[in-house]
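What follows is one structure encoded as structure tokens, with my remarks underneath.
The values are calculated or read from the model by the stated rules, or taken from the named source; none is laboratory data. On a predicted model such as this, the values are computed, not experimentally measured, just so you know. Heads up, the Cβs are rebuilt from the backbone with ideal geometry, glycines too, and the neighbour counts pull from every protein chain shown. These accessible areas exclude ligands, DNA and RNA; they are computed on the full protein's heavy atoms, side chains included. Shrake-Rupley method; radii C 1.70, N 1.55, O 1.52, S 1.80 Å.
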Amino acid sequence: VLYHYENAVHVNICIPEELLKYKTIKLLFQPLVENAVVHGTKQKPCIDIDILGYEEGNTLFFTVSDNGSGMPESQLKALNDQLNDSSLSTPSIGLKNINRRLSLYYGEAYGLKIHSVYSIGTTITVSIPAKL
């Protein structure tokens, strides 16, 4: 995806080396970065994506943030509500699948949280247990 957008996307990855010993489920970050690129560049020709990782207690947190178009508060609320909706008919199946996989694999306390401000950008936070 990033090659297709050439100079329109700048990615900054800041994950401390001590977090690299932990394992997670496959293909966790790819759809999050892809969403940032696809949706973030809708209204802005060039965006920055930051991927950050940190540990608090026994939990690992990873954020994928962009300075793209963001979303209105009503859309953000609907999207966060859909993440935990048990019905299969939602427009954002990718994020819902990631959240469901995280909850099934690690437990209900873990998953995705989405924060966004219209015309400012979006941040998706992933929480998983710090297990080797």
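See the values below:
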item: Highest-fluctuation residue, Asn99, Asn58, Asn80 considered, GNM on the chain with Cα pairs under 10 Å; result: Asn58
item: Where labels lie 7 Å past Cα in the beta-carbon direction, separation of Tyr22 and Leu132 in nm; result: 1.5
item: Rounded percent of accessible protein surface that carbon and sulfur make up, the chain, 1.4 Å probe; result: 55
item: Whole-Hz couplings from phi, Karplus 6.51/-1.76/1.60, listed for segment 60-74; x for Gly and Pro; result: 9, 10, 10, 10, 10, 10, 9, 9, x, 6, x, 8, x, 4, 5
item: Selected from Ile98, Ile51, Ile25 as most flexible by GNM, with the chain as the system and alpha-carbon contacts under 10 Å; result: Ile25
item: Accessible area in the full protein assembly, largest first, 1.4 Å probe, for Val126, Val33; result: Val33, Val126
item: Computed [θ] at 222 nm, helices only, for the chain once each DSSP H run of length n ≥ 4 contributes -39500 (n - 2.57); result: -9000 deg cm²/dmol
item: In Hz, Karplus ³J(HN,Hα) per residue of segment 23-31 (6.51, -1.76, 1.60; θ = phi - 60°; x = Gly, Pro); result: 10, 9, 5, 5, 6, 7, 8, 4, x
item: For the chain, alpha-carbon Rg over 2.2 N^0.38 Å; result: 1.05
item: Cβ-placed point charges (K, R +1; D, E -1), dipole of the chain about Cα centre in debye, nearest 20; result: 400
item: Where labels lie 7 Å past Cα in the beta-carbon direction, separation of Asp48 and Gln30 in nm; result: 2.8
item: Which of Phe29, Phe62 is most accessible, then next, and so on - probe 1.4 Å; result: Phe29, Phe62
